[in-house]
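Student: The structure that follows is given in the form of structure tokens.
The values are calculated or read from the model by the stated rules, or taken from the named source; none is laboratory data. A quick note: this is a predicted structure, and the numbers were derived from the prediction, not measured. No Cβ is skipped: glycine too gets one built from the backbone with ideal geometry, and neighbour counts run over all protein chains shown.
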Amino acid sequence: MSITKPSLTVLAWGAAALTTLAAVMIFALAPEDADQGFSQKIFYVHVPIALTAYACFGLGAWKAYRLLATRGERYDLESYTGVHLGTIFGVLTLVTGAIWAKASWGVWWTWSSNQLVLFLVLFLFYCAYFMLRFSVEPGARRERISAVYALFGVALIPVSFFAIRLANDFIHPTVFTREGPQMTGEMFAAFCVSWASITLLAYVMYRVELAGKRIDANLRDLREALQP
Amino acid sequence: MSSGEKYVAAAYGVFVVVVLVWVAILATKLARLERETGELARLARARPAGEQADG
């Protein structure tokens, strides 16, 4: 039994519709936070972006594992695209986080927060992926080296994700505890829709970018075959 | 505009700008791919008939 992928056009329109719905819910439905005021609205974009960055790095690692397990060449581009998008969302996480930190704590960055530092380590680790990848000649060797590196990085994701709980960090807020989300129902609904919209947007970006890279690779092969 | 509103506008603005930059980069790439596909189509048409049949 084969599962056909949903059409990219449908997904793109779905992402646009969900993003619009998320914006309405964030700014018209979700109440203002009693403690942080209006600046708490950054939560609805910062946290989903960070979770999407983790998901993209995780996807890159999963595809890397598939490459190593099956030797399927197509997984190399899929892993690379996942890591690339993870890095884009990683930049966004750091920038939106810095803006929120300035609004809430009065500083752009603090080295005393383990979660911030560990996310930066994770981000820099995956930045080095590109240096490694482009320092090796294209081919099977580069595919394997890149895959092993992408797979190693995934170990940093749970460390970064759970750092706040492990380190008892009092600076970075913990919204999701064992008792559930520490927010109102409207806030949680707005967060979920925002998270779904950003995840869907990232998936659309993944599919578009992957299609572009595959066309590029096919064109290179065609050029080699056609040119005298 | 209060300072809280400015920070919120900056955070959402950064997100929108990064997505737009990504779209612009992709549009540039698409234009390059279109150009290269055209060149390859011209190359394929210019090949002698016998060579095309040989592959």
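Student: Between a residue in region A:44-56 that is under 22 Å from A:E32 (Cβ atoms) and any residue that is among the small types (G, A, S) and in a helix (DSSP H, G or I), which pairs come within a Cβ distance under 7 Å, given they are 6 or more apart or on different chains?
Tutor: Short answer, once both residue conditions are applied: A:Y44/A:A190; A:Y44/A:S194; A:V45/A:S194; A:V45/B:A11; A:H46/A:G97; A:H46/B:A11; A:P48/A:S194.
Student: Turning to a different aspect of this structure: Sort through A:A98, A:A23 and tell me the only one that's within 30 Å of A:A155 (Cβ to Cβ) and small (G, A, S). Walk me through it before giving the result.
Tutor: On the way: A:A23 fails: within 30 Å of A:A155 (Cβ to Cβ).
When all the criteria are applied, what remains is A:A98.
Student: Looking only at region A:127-148, which residues are assigned to a helix (DSSP H, G or I) and of a type in the set (S, T, N, Q)? Don't jump to the end; show me each part of the working.
Tutor: Of the residues in region A:127-148, the ones assigned to a helix (DSSP H, G or I) are A:127-133, A:140-148.
Across region A:127-148, the qualifying residue is only A:S146.
Student: Still on this structure, I have one more. Of A:W105, A:W100, which residue is buried (at least 24 other Cβ atoms within 10 Å of the Cβ), within 14 Å of chain B (Cβ to nearest Cβ), of a type in the set (F, W, Y) and closer than 18 Å to B:A9 by Cα?
Tutor: A:W100
Student: Next up: Listed residues B:L26, B:L40, B:L20, B:L30; which is surrounded by 14 or more Cβ atoms within 10 Å (Cβ to Cβ), modelled with pLDDT of 90 or more and in a helix (DSSP H, G or I)?
Tutor: Numbers: B:L40 fails: modelled with pLDDT of 90 or more; B:L20 fails: surrounded by 14 or more Cβ atoms within 10 Å (Cβ to Cβ); B:L30 fails: surrounded by 14 or more Cβ atoms within 10 Å (Cβ to Cβ).
From the options B:L26, B:L40, B:L20, B:L30, the qualifying one is B:L26.
Student: Between A:S197, A:S160, which is at pLDDT below 80, within 15 Å of the chain's Cα centre (by Cα) and surrounded by 19 or more Cβ atoms within 10 Å (Cβ to Cβ)?
Tutor: Values: A:S197 fails: at pLDDT below 80.
It is A:S160.
Student: Please state which one of A:L51, A:L124 is assigned to a helix (DSSP H, G or I), closer than 20 Å to A:V204 by Cβ and not basic (K, R). Outline the logic, then answer.
Tutor: Working: A:L124 fails: closer than 20 Å to A:V204 by Cβ.
From the options A:L51, A:L124, the qualifying one is A:L51.
Student: Counting just the residues of region A:167-187 that are within 21 Å of A:A101 (Cα to Cα), out of contact with any Phe, Trp or Tyr (no Cβ under 8 Å at 6 or more places or on another chain) and not in a strand (DSSP E or B), which one comes out modelled with the highest pLDDT?
Tutor: Checking each candidate, the answer is A:M187.
Student: Among the candidates A:G97, A:G86, A:G106, A:G72, which residue alone is more than 30 Å from A:F188 (Cα to Cα) and of a type outside the set (F, W, Y)?
Tutor: Numbers: A:G97 fails: more than 30 Å from A:F188 (Cα to Cα); A:G86 fails: more than 30 Å from A:F188 (Cα to Cα); A:G106 fails: more than 30 Å from A:F188 (Cα to Cα).
Result of the check over A:G97, A:G86, A:G106, A:G72: A:G72.
Student: Every residue in region A:35-70 that is more than 14 Å from chain B (Cβ to nearest Cβ) and among the small types (G, A, S), please.
Tutor: The answer is A:A55, A:G58, A:G60, A:A61, A:A64, A:A69.
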